[in-house]
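The values are calculated or read from the model by the stated rules, or taken from the named source; none is laboratory data. Here the structure is a predicted model, which means the values were calculated and not measured. No Cβ is skipped: glycine too gets one built from the backbone with ideal geometry, and neighbour counts run over all protein chains shown.
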Amino acid sequence: MGMHFMGAMLAGQVSRSADTIRLHRLARDGHAKKEEFLASASKDAQAILKAQAQGFAFVSGGQVEWLDLFRPIAATFAGFERKGSEGEDAIGPVTRWFRTNTFYRKPHVNKRISAEGGELIPFLPKLPGKGLACLPAPYTFWRLVEHSYYQEPAEFAADYAAALAASAPHLKKHGYDCLLFLNPSVGYDLSRNQFQKLDWAADFFASLKKTGFTLGVHFPLADGSKALPIVEDSSVDFVGVDCIHTDFAKLHSKKDLFLGLVDAARIGVESPAHLTQQARACLQEAGFSGNFYLGPNDRLFEVPYEAGLDKVKSLAQAAKQLEAAK
Amino acid sequence: MKKAFACQEVGSIQRPIWRQQLEAKANKEWVKSAMDWGEKFNVEERGELRQLLEKDGSKRSAGEKQRIVDIASIYVIRMLEHAGLDRVFNGEQPRTEMYDMLAKQIPGIKTAGFVNSFDANYFRKGIIDGEISVNQEGIDWFVDEFRFVQKHTQHAVKPCFTGPYTMVDWSYVEYYRKLNEKKGLKPFAALRQARADAVLGFARHVLNPIVRALVKAGAEIVQIDEPAATTDESESALFTEAMNECFKGVPKGTGKAIHMCYSNYPVLFPELAECKADSYLIEFTNHASVSHFKPDMVSPEAYKFIQSFNEYKVPVNMGVGVIDIHSDLVESPEVIKERLLHAAKLVGDASRVQANPDCGLRTRRWEIAVQKLVNMGRGAQLAREALGE
C-alpha cells in the first residue's frame, strides 16, 4: 500500500471541564467574573494541547473559549449585527446545530464582511506552531446565517476569504498554520435532498491558498463519497470525511484525506488498536493510496470533557502506532 | 368559556444562591437578599429561613438543608402568584437539572458529565447501561413534589418533567446499541434502532407510570418537556408514538401538555397530528425584538407550527412564548399584548392561546425574571381587554 500517515488532528470543538462549566454558570448568574471562566477554559485548552504532544500534524486547544462556531467571527469581523444585552453572548436567535442538542446564535450579516472590526486572535490561544484553527466553511456559513446584505453567495464567500486573508499574518504570528473549514451543512442538506450546488469553493480556497496556510475542508454528517467532489478541483490540501456516514467503497479522492473516525456518539473510548485497524480498513475499502490524517468526526463537543480528553489521548496513541508503522 | 391568554411558567426558575450553596458558610448578603424577596412575595416562612441561613452550612443537618430547599419552592410559588400566573409550580427548586432529576430515579442510567447546550447553559449526559424502568421510590419522588406544591397554593398546579425522547437523545444508548449490534445490525443502523428501543422503553416504563401516579394524586394537567423533539426529523413518528405512550390511560379531561423550544417544529408533521396531547408550549419570541413588535419577527418555525395544526384541523391549546429568556431587556406589557393578539389571530381562537415564556426562566436573575413575569400578566390582561373580555 502506498498510503502515508501525516498525523492526527483535532477537528472541531471539545467540551469544557466541570470547573469551567461551574464558573461559566456562576458568571452568567453574576456570581463570578467572566475572566475567571476564561482562565479556567484556558487551563482546559492546555490539558487538551498536552494530550496532543506526539503524533499530531497540527494541534488545537479544542477551541473551548468559542461559544459556537460563528460567535467569535460575528463578534470581531465587521458586517455582523451586534445586539442584545450581553455583548457577544447575545447575538442572534438560539438555533439548533443540526441533529444535536447544541445550539448556536444565528448571526445576522447586515453589512459587507471585513476584518476591519477586529482580529480572531483573542479567541485563539497562542500556540508554539503547527496550530490548527477550525472555522465555518463558506457553504455552511452562508446557509446558517441570516442575510440582509449579500444577494450572491459568491460575493459573501469572497469577502469572507478576504477577511480571513487579512487576518492571516496575525494568525501565523500566533502559531496557526492550518485552517480547517467545517462544512456540516453539506451533509445535512444532502440527507434532506436540499443541497444547493454553489460553484464558489474553487475561488474561496484559491484566494486563501496565497496566504500559505495548509487548507482543509471537513464534511461531518456527510457521505464523503458524495461530498468530496464539491472540492475535488479546488486548491484545498486535504478533505475530511465522517467515517460513520461515508461509503468508502464509492469514495475516490485525489486529495489527501482526513478520516473523522473518533465517534462522538459513543461514550466508550476507542482503543488505539481499534482506531488504526478501522483507519486501514476504510482506506483499503476506498482503494486509497495517498496521504491521510486521523481525528474525530468533529463532534467532541457532544462528549463530556473527561471522556473527550481520553479519546484525544487514545487518538495520540493510535497516531504514534501509525507513525511507527511507516 | 375558557379564559383567554391564561398565564403560566414553563418550568425552571433560577435557584437562588442560598439554595444552590447549601454547604457554604453563612453569608449576610444572601440572608438579606432572601429576606427582601421574602417580604416582597409575603413568604410566611421567611423568618424560619433566616435562622437556617444564618447557620454555617457545614453545621446544618440533612433535615435543615431539605427545609431550605422546601422554602425555596415556597418562594417560587409565591413569586408566580405575585406575578398573577394562573398555573404555578415550584420552579424546579428541589431538582438539580432536567436530565439528572429523572435519570437518578432510574437504575439503568449512570451519569457521564455535562456538555454545552448554548451560551452558559449545559446539559447532563448519561449512559444507559441497562434495561430502563422506574421503581416505586422514583414515582413517589414526583408525587411528593407535586403534593408539596399543591399544599402550598390555591392556584392550579402544573407539574412538569423531561420526556422520553429528550432523555434518550441526551444519553449514550450503550445497552440497547450492544443488543442491536449483537443482532447483526451495522453500527449506524444499530444506533438508530437503539434510540427507538430506548425512547419507547422510557415512555412505557418510566414516564407513563409517573404521569398516571400524578393524575391519581390530583394533577389536572401534566407537562412533558421535550426540547430535543426535533433533533432528528426522521424520528417524528417515534416521537409521536412515545408521547402517546406517556399519556396512555390518562382520563379524559386531564390536560396533556408538551413543551418544546428552539426547534424546527414543523418537521414533526404530519405525524404529530396523531398525538394525544392537547396543549403545546412553544417558543415564539426567540427571533423578535423586545422593544417593539412586528408580526414578521415571530419565530418562523412557531408560525408554521401553528399553521400546521390549523391545516390538520387539530384544535390544540397553544402556549406561546411571549418572553425572551435570553435577554435582560424586559418586554413591555404592550409588546406582550401585541404578541398574544397576533398569536390569537394565527390560532383563530383566543381561548386556545396561553401566555408563557419561551422556555424556563432559570437563565435570568430573579430581578429580571420577576419583572418579565409581572409584565406577562399585565400584557395578557391588556390583550383580554382589547378583545372586550
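How many residues does region A:10-47 contain that are acidic (Asp, Glu), touching a Gly at 6+ places or on another chain (Cβ under 9 Å) and over 22 Å from B:Ala112 (Cα atoms)?
Summing the residues that are acidic (Asp, Glu), touching a Gly at 6+ places or on another chain (Cβ under 9 Å) and over 22 Å from B:Ala112 (Cα atoms) in region A:10-47 gives 0.
Check every one of the strands (runs of 3 or more DSSP E) wholly within region A:123-235 and list those with 1 or more residues that are of a type in the set (D, E, K, R).
Those strands (runs of 3 or more DSSP E) span A:176-182.
I need a count of the residues in region A:307-325 that are of a type outside the set (A, V, I, L, M) and free of Cβ contacts under 8 Å to residues at least 60 places away in the same chain.
Going through region A:307-325 one residue at a time, the tally reaches 4.
So which residues in region B:60-97 are without any contact (Cβ under 8 Å) to a residue 24 or more places away in the chain and more than 29 Å from B:Phe114 (Cβ to Cβ)?
Within region B:60-97, B:Ser61, B:Gly63 meet the criteria.
Looking at region A:303-314, is at least one residue touching a helix residue (DSSP H, G or I) at 6+ places or on another chain (Cβ under 8 Å), within 14 Å of chain B (Cβ to nearest Cβ) and under 18 Å from B:Leu191 (Cβ atoms)?
Scanning region A:303-314, I find at least one residue that is touching a helix residue (DSSP H, G or I) at 6+ places or on another chain (Cβ under 8 Å), within 14 Å of chain B (Cβ to nearest Cβ) and under 18 Å from B:Leu191 (Cβ atoms), so the answer is yes.
For region B:187-226, which positions are closer than 22 Å to B:Val250 by Cβ, in contact with a strand residue (DSSP E or B) (Cβ under 8 Å, 6 or more places away or on another chain), of a type outside the set (Val, Ile, Thr) and crowded, with 19+ Cβ neighbours inside 10 Å?
Of everything in region B:187-226, those that are closer than 22 Å to B:Val250 by Cβ, in contact with a strand residue (DSSP E or B) (Cβ under 8 Å, 6 or more places away or on another chain), of a type outside the set (Val, Ile, Thr) and crowded, with 19+ Cβ neighbours inside 10 Å turn out to be B:Leu207, B:Leu214, B:Ala219, B:Gln223, B:Asp225, B:Glu226.
I'm told A:Lys34 meets every condition in (1) more than 19 Å from the chain's Cα centre (by Cα); (2) without any contact (Cβ under 8 Å) to a residue 60 or more places away in the chain; (3) more than 14 Å from chain B (Cβ to nearest Cβ); (4) more than 30 Å from A:Lys320 (Cα to Cα) except one. Can you identify the failing condition by its number?
Here A:Lys34 clears every test but (3).
If I filter region B:126-138 for residues that are modelled with pLDDT under 95 and on the phi > 0 side of the Ramachandran plot, do I get at least one hit?
no
Go through region B:119-193 and tell me which helices (runs of 4 or more DSSP H), entirely inside it, have 3 or more residues that are in contact with a Phe, Trp or Tyr (Cβ under 7 Å, 6 or more places away or on another chain) and within 14 Å of chain A (Cβ to nearest Cβ).
Helices (runs of 4 or more DSSP H) meeting the threshold: B:164-169.
Would a scan of region B:97-113 turn up a residue that is within 18 Å of A:Asp29 (Cα to Cα), surrounded by fewer than 21 Cβ atoms within 10 Å (Cβ to Cβ) and within 13 Å of another protein chain (Cβ to nearest Cβ)?
There is at least one residue in region B:97-113 that is within 18 Å of A:Asp29 (Cα to Cα), surrounded by fewer than 21 Cβ atoms within 10 Å (Cβ to Cβ) and within 13 Å of another protein chain (Cβ to nearest Cβ).
Filter region B:209-226 down to the residues that are in a helix (DSSP H, G or I) and under 17 Å from B:Ala103 (Cβ atoms), then identify the one that is farthest from the other protein chains (Cβ to nearest Cβ).
B:Pro209
Confirm whether B:Val298 is modelled with pLDDT under 85 and either in contact with a Gly (Cβ under 8 Å, 6 or more places away or on another chain) or within 12 Å of chain A (Cβ to nearest Cβ) (or both).
Yes; evaluated as a whole, the condition is true for this residue.
Here is a yes/no grid of residues against (1) touching a helix residue (DSSP H, G or I) at 6+ places or on another chain (Cβ under 8 Å); (2) crowded, with 20+ Cβ neighbours inside 10 Å; (3) more than 23 Å from A:Leu179 (Cβ to Cβ); (4) without any contact (Cβ under 8 Å) to a residue 60 or more places away in the chain:
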position: A:Asp242; (1), (2), (3), (4): yes, yes, no, yes
position: A:Asp247; (1), (2), (3), (4): yes, no, yes, yes
position: A:Leu259; (1), (2), (3), (4): yes, yes, no, yes
position: A:Cys282; (1), (2), (3), (4): yes, yes, yes, yes
position: A:Phe292; (1), (2), (3), (4): yes, yes, no, no
position: A:Gly295; (1), (2), (3), (4): yes, yes, no, no
position: A:Asp298; (1), (2), (3), (4): yes, yes, no, no
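Say we look at region B:227-247 and pick out the residues that are crowded, with 22+ Cβ neighbours inside 10 Å and touching a Leu at 6+ places or on another chain (Cβ under 8 Å); which of these is nearest to the other protein chains (Cβ to nearest Cβ)?
That would be B:Thr230.
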